[in-house]
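Each remark here refers to the structure printed beneath this line.
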Amino acid sequence: MAPLVEMKNISIAFGGVQAVDDVSISLEAGEVVGLLGHNGAGKSTLIKILSGAYKMDSGEIWIDGQKAQITSPRDARDYNIETIYQTLALADNLDAASNLFLGRELTTPLGFVDDDRMEAETRKIMARLNPNFKKLKEPVSALSGGQRQSVAIARAVYFNAKILIMDEPTAALGVHETAMVADLIQELKKQGLGIFLISHDTREMMELCDRVAVMKNGRMIGAERVEDVTEDDILSMIILGKNPKVAA
Amino acid sequence: MSQADSQTAVSSPGSSAGALDVLKHNFMQIWQVLAALALIYGFFFLMSEPFRSFDTLLSIFGQASILAILACGTTIVLISGGLDLSVGSIFAVVGVTVGIFMAEWGLPPVLAVGLGLGMGAALGALNGTIQVLTKVPAFIVTLGGLTAYKGLAEILASGRDLSRFPESFKFLGTGNTVPMLIMFAVALLTGLFLTKTRLGSRAFAIGGNEEVARLSGVPVAKSRIYYYMLGGLLAGLAAIVEVAKLNFAMPARGQSYELYAIAAVVIGGTSLFGGRGGVGKTLLGMFIMQTIIVGLSYMGVGTSYQRIAIGAIIIVAVYWDVWRRSTR
């Protein structure tokens, strides 16, 4: 069977800087693939090509064995790709329901925005994801990091994402909230989602991911199953830009 | 409820929280502005004998109505994080064109009004389109529009006597009542647009964080063009009501209206920086401004001093907005 996602020979440059250079990576259904690397290694850029935020210069994206055309965030959505961005996750001035349904507002049969139903749906999904979540009517700027993150995750879950991209999902969270996100990732994985995870925390990635891929200077150094490598192997890939598995 | 900060006078009743909660929530959003209006009205009520009559109150509404119609459009544009300095000139163009349609071409009023509204919408849409295509800031594009459209209005009107319109047209400007009713109808529709339609409700997201809106799949550029188009349309409607009221059209009308509209919107509590506000607030802001103007006139204070007073209030209102944002 074809992989859920195949990104083949992806390249993109910004003003002469080759941000992503001929990178290929795949993702299976029910798999968590971690992307590691220094700041500026190209992980976020690669992932933003998949989520439609950037247009690649060259390369191909295949989804479920079909060649996909992704040139805008809307296109990505049509392929059931949902992204949880590190910083650009939510509109601070809107409440949870408005954020959850932004760009996909529920409407009444007459075509008017159905606030009541959106609020009810938000209440339902938040009860599942984060039972402590109570501030439904406040702008999300009034929420804690964990609560904000659960709104962002709710958006992906609600719309039945098949491919989930999480850019540093636990960066702003406390210990308890981080554990909650980890549980959620396992839950979504069981449901058959494919998840790309970006993080700096190598140990966390070893726990959460099935495979880790390391990038450096826009190039893919290697992608290995976590049981085949040690944390030191990963660190040396990040720092030296060499894959010890290949060298050995 | 959708936008936490959007509902004001135009509310969305029947939410699961109960209509009473919604009312309470809306009241909390605007009580400061209401209090300010009451204080200012009370002040002039005490200071000036003739100010106390019901006719004065009615004339405050009446005089506010034309600017308020235009300001409803300004509210939409400002909430979306935009700015349109050219609506006063669009006002002039539409006023003159509608005048030409009827006084020179003899078009029936209904057709003239329809074409005039279309003209306003087209000029507004042009502002939006230029911005979206060139990425030149709204301030510059619409500053260009301010002078260019003014010039267009002067060219169209030169050497023409645009007055003495049909009775059926003049009805639109009858007394204080008809413009006032049009104002409330426009405010109601604008409120519904902002809270109950996809396009309108997205103005809050675009004004709050354009990039988030874009990444969420909102067609930002297209939406912006629509907001400017509506701003132009409502400027056109305001011009039509004024021409009907005055029974003449001239290109000098509408001057500085964009600034008064922005002032009213900001005094009402809509953020100059986008993402927050509502049309009910704009009406309150407009009533505050008009009360001050009328009140000062009754006390014998000249128009030049009135301008200084309005200017000071604008600065206070924006300062308040900035202060509120920094404390959140």
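Projecting the Cα atoms of B:195, A:45, B:89 onto the charge dipole of the protein assembly as shown, computed from C-beta unit charges around the Cα centre, puts B:89 farthest toward the positive end. Between B:218, A:142, B:267, the Cα set farthest toward the positive side of the dipole of the protein assembly as shown (charges on each charged residue's Cβ, about the Cα centre) is that of B:267. Here the label points at residue B:32 and residue B:256, each 7 Å from Cα along the C-beta direction, are separated by 2.7 nm in the simple model. Highest mean first, the peptides B:184-190, B:174-180 sorted by other C-beta atoms within 10 Å per residue fall in the order B:184-190, B:174-180.
Shown for chain A: the carbon plus sulfur share of the solvent-accessible area, taken with all protein chains present and a 1.4 angstrom probe, equals 50%.
Taking label positions 7 Å along the Cα-Cβ direction at both residue B:304 and residue A:227, the computed distance is 8.9 nm, reported to one decimal.
Based on the alpha-carbon gyration tensor of segment B:223-328 and its eigenvalue square roots a ≥ b ≥ c, which shape applies: rounded if a/c is under 1.5, prolate if not and a/b is larger than b/c, or oblate? Here segment B:223-328 falls in the oblate category. Residue B:199 sits among other residues whose Cβ lies under 12 Å from its own Cβ, and their net charge, with Lys and Arg +1 and Asp and Glu -1, is +4. Counting only other chain Cβ atoms within 10 Å of each residue's Cβ, the peptide B:202-214 averages 5. Basic side chains Lys and Arg get +1 at the Cβ, acidic Asp and Glu get -1 at the Cβ, and with that the dipole of segment B:32-326 about its Cα centre reaches some 640 debye.
Ordered by solvent-accessible area of protein heavy atoms (1.4 Å probe), largest first, the residues A:110, B:162, B:233 come out as A:110, B:233, B:162.
What quantity of accessible surface, computed with a 1.4 Å probe and excluding non-protein components, is buried in total between chains B and A, in Å² to the nearest 100? Before the final figure, lay out each step's value.
On the way: alone 14660 and 12120 Å², together 24250 Å².
Buried area between the two chains comes out at roughly 2500 Å².
For residue A:207 and residue A:107, a Förster radius of 35 Å and the Cβ-Cβ distance give a FRET efficiency of 0.25, rounded to the nearest 0.05. Between residue B:134 and residue A:58, the modelled labels are 3.7 nm apart [label points 7 Å from Cα along Cα→Cβ]. Coupling constants for segment A:197-206 follow from the phi torsions by the Karplus curve (6.51 cos²θ - 1.76 cosθ + 1.60, θ = phi - 60°), and in residue order they are 10, 10, 7, 9, 8, 4, 4, 4, 5, 4 Hz; glycine and proline get x. Rounded to whole numbers, the Karplus 3J(HN,Hα) couplings from phi for segment A:43-53 are 5, 5, 5, 4, 6, 6, 5, 5, 8, x, 6 Hz, using 6.51 cos²θ - 1.76 cosθ + 1.60 with θ = phi - 60°, and x at Gly and Pro.
For peptide A:106-115, what's the mean number of Cβ atoms from other chains within 10 Å of each residue's Cβ?
Details: counts 1, 3, 1, 0, 1, 3, 8, 12, 2, 12.
For this peptide, the per-residue mean of nearby foreign Cβ atoms is 4.
Taking Cα atoms only, the orientation of helix A:115-129 departs from the longest principal axis of chain A by about 50 degrees.
Using only side-chain charges placed at the Cβ, +1 for Lys and Arg and -1 for Asp and Glu, the dipole size of the protein assembly as shown relative to its Cα centre rounds to 1200 debye.
For residue A:48, the lysines whose Cα comes closer than 20 Å to its Cα, not counting residues fewer than 8 places off in the same chain, are A:8, A:67, A:162, A:216.
Which FRET efficiency value, to the nearest 0.05, do you get for residue B:47 and residue B:188 by plugging their Cβ-Cβ distance into 1/(1 + (r/R0)^6) with R0 = 41 Å?
Numbers: r = 33 Å, r/R0 = 0.81.
Efficiency, from the Cβ-Cβ distance: 0.80.
Net charge in the neighbourhood of residue B:183 (other residues with Cβ under 13 Å of its Cβ; Lys, Arg +1, Asp, Glu -1) is 0. Given R0 = 60 Å, the distance between the Cβ atoms of residue B:174 and residue A:132 translates into a calculated FRET efficiency of 0.55.
Taking the Cα centre as origin and putting +1 on Lys and Arg beta-carbons and -1 on Asp and Glu beta-carbons, what dipole magnitude results for segment A:89-159, to the nearest 20 debye?
Values: 10 positive and 9 negative charges, 68 e Å.
Charge dipole, segment A:89-159, about its Cα centre: 320 debye, nearest 20.
Dipole of segment A:135-220 computed with +1 at Lys/Arg Cβ and -1 at Asp/Glu Cβ about the Cα centre; of A:213, A:170, A:180, farthest Cα towards the positive end is A:213.
The values are calculated or read from the model by the stated rules, or taken from the named source; none is laboratory data. Just so it is clear, the structure is predicted and the values come from calculations on it, not from any experiment. Note that we place each Cβ from the backbone using ideal geometry, even for glycine, and neighbour counts take in every protein chain shown. For accessibility, only protein heavy atoms count, side chains too; no ligands or nucleic acids. Shrake-Rupley method; radii C 1.70, N 1.55, O 1.52, S 1.80 Å.
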